[in-house]
Amino acid sequence: MKSKNLRAFVILSWLLLITASFLWSYTSARNEQKNIAFQTARSFFEHIVITRLWNARHGGVYVPITEKILPNPYLDVPMRDIPVNDNLTLTMINPAFMTRQISEIAKEFYGVQFHITSLKPIRPLNKPTAREKQFLRKFEQGVKEKGVFIQKGGKTYYFYMAPLITKKVCLRCHAKQGYKEGDVRGGISITIPFVMNIPLLPLLIGHTLIAFIGILGIVIAEKKITQAYETIQKQAAIDVLTGIPNRRSFFEILLKEVKRSRRNHDPISIIMCDIDNFKIYNDTYGHLKGDMCLQKVAQAIKACLKRSTDLCARYGGEEFIILLPNTTLNGAINIAEMIRSNIEKMKIPNKNSLPTGIITLSLGVSSTEGCTEFDPETIIKNADTALYKAKEQGRNQVQSFRKNT
C-alpha cells in the first residue's frame, strides 16, 4: 500500500512538473510573440520618426501637384505652392502629410496602418480614436510607449503607439498651438497584421509524450525498486547458505503464531534439531563439504513439512528449528521421527562419527498443548532441553519435553 501511495505521489508530482513546464513554455511563447510584435511595431515607428525628422530639418519637401497629391489645406506656411511653369506646380509636403502618404503605401503593400493623431489635431481626420486618446493621456503622464493585441474583423492585429515629442524644428508649424520644445504634441499609432501563431498543438503533444514516458519510467523504476526491496527483504529473512528462513525470520513468524494460538487456543509445537558430530564431519571432509551437508539436511527437513504454515529455519551453526502451528505434542513427535529417519536414510558418510558412520540428527520436541499461559522463549527452551536429553542418551533419536519428566 505504501509503495502504491508513493508511486501515485511521484506520478502526481511528475504530472504537476510537466504541467508547470507546459504553462512556462506556453507563457514564454506568448511573451516571445508579444516581444516580436512589439519590436516590429517599434521599428516601424522609429523609421517613421526618422523620415519625419529628415523632412522637418529640410523645412518640408516639394513634390509636383497631381490628381493624387493635392496641396495640404491645413498647412499654413508661406510658399506652400510654387509654380514652375504652365505644366508644373510644386507643393510642400510637411512631416504630417508625408506620414499619411507613407501610411497609404504601407497599407497597400503590407497591410500596416499608420495614424498620426493628437489631442489637439489641426486636421479633423487626425482626431484620435478612443484607444488612441487613452494612450495619449498615458503619454502625458510619462508613459514612453504602449502595445496590445486587438481583434478586428476576425483577425489578430498588434496595436502600437508612441508619442511624438516636439523638437525645435517642429515649432515652425506647432508653436501657434501652444507647444514648447519637449512637449508631447501627439503620437503615431501603428496597426500590424499578426499571423505568428503559438504552436499549441505540438507543444501539447510534446509535453503529453514526455509525461507518458516519465510515467512509464516511474512505473518501471518503481517495479525494479520494489523487486530490489523484496530481494533485500528476502535476503534479510533467508539463510544464504541453506536457502531456508534464518533465525530472525523464525522469531518474527513465531511471535505471530503465538498471538494467533492465544486467540484460538490452538497448540504450537517446536522441534529443535542438531546434526550429530558435525564438527568431526567438518574436520574430516572440510568446510566446503560441510556446507553442502547443511544444505542437504535443510532441504530434507523442509521436504518433510507438508503444510504451508509449517516452518523450518536455520537456528545457528548445525542447528535447525521447526515451527508447527496447531500441532499436538504427539503429532510433532511423529514429524520429528520422520525427519530423523529420512536423514538417516540419506546415508551421508561421516566415517569418524561412531557408531553409525553417517550423518544423523538428534531432535527435541516441545508443545504448548494443555498450557493456558506460555511465551515463545519457554517453548524454545523446552525444545532445547529435550534436544540435550537426546544427545545425552546416545544421539540419532527424538526426545520430548514433558512437565512430569
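Read-outs throughout are calculated quantities, based only on the coordinates presented, and are distinct from any laboratory measurement. Source: prediction; values computed, not measured. Cβ sites come from the backbone with ideal geometry, for glycine too, and all protein chains shown count toward neighbours.
Using 1/(1 + (r/R0)^6) with R0 = 45 angstrom and r between the beta carbons of Lys34 and Thr309, what's the FRET efficiency to the nearest 0.05?
0.05
Averaged over every viewing direction, what's the projected area of the C-alpha convex hull for the range 259-405? Give it in nm², one decimal, please.
Approximately 8.5 nm², given one-decimal rounding.
Can you tell me how much longer the chain between Val148 and Lys259 gets when fully stretched, taken as 0.36 nm per residue apart minus their C-alpha distance, in nm with one decimal?
Full extension from Val148 to Lys259 adds 32.4 nm.
Please work out the FRET efficiency for the pair Leu241 and Leu6, using the Cβ-Cβ distance as r and a Förster radius of 56 Å; give the result to the nearest 0.05.
Computed FRET efficiency for Leu241 and Leu6: 0.95.
Name the most mobile residue of Leu387, Leu288, Leu53, meaning the one with the largest mean-square fluctuation, in a Gaussian network model of the chain with Cα contacts below 10 Å.
Comparing Leu387, Leu288, Leu53 in the GNM, the peak value goes to Leu288.
For Met272, Met92, what's the fewest-to-most ordering of other Cβ within 10 Å of each Cβ? If you can, show how the numbers build up before the last one.
Working: Met272 27, Met92 20.
Least crowded to most crowded, the residues run Met92, Met272.
Mean residue ellipticity at 222 nm from the helices of the chain, using -39,500 (n - 2.57) per DSSP H segment of n ≥ 4 over the full residue count, to the nearest 500 deg cm²/dmol?
Per the formula, -17500 deg cm²/dmol.
By how many nm would the segment from Phe212 to Glu344 lengthen if fully extended, with 0.36 nm per residue of separation less the alpha-carbon distance?
Details: separation 132, 0.36 × 132 = 47.52 nm, distance 6.07 nm.
The Phe212-Glu344 span can extend by a further 41.5 nm.
Check which residues have an amide H placed less than 5 Å from Thr91's amide H, if you skip close sequence neighbours.
Under 5 Å from the amide H of Thr91: Val63, Ile65, Ile82.
Order these by the 10 Å Cβ neighbour count, fewest first: Leu363, Leu16, Leu324, Leu294.
Leu16, Leu294, Leu324, Leu363
Note down the nm distance, to one decimal, between modelled labels 7 Å out along Cα→Cβ at Lys296 and at Ile225.
4.5
What ranking do Ile339, Ile192, Ile205 get, fewest neighbouring Cβ atoms within 10 angstrom at the top?
Ile205, Ile192, Ile339
Extension gain Leu88-Lys180, at 0.36 nm per residue separation less the Cα-Cα distance, in nm? Mind dumping the intermediate values first?
Values: separation 92, 0.36 × 92 = 33.12 nm, distance 3.70 nm.
Between Leu88 and Lys180, full extension yields an extra 29.4 nm.
What is the ratio of the Cα radius of gyration of the chain to 2.2 N^0.38 Å, where N is its residue count, to two decimals?
Details: Rg = 50.3 Å, N = 405, 2.2 N^0.38 = 21.5 Å.
The reported ratio for this selection is 2.33.
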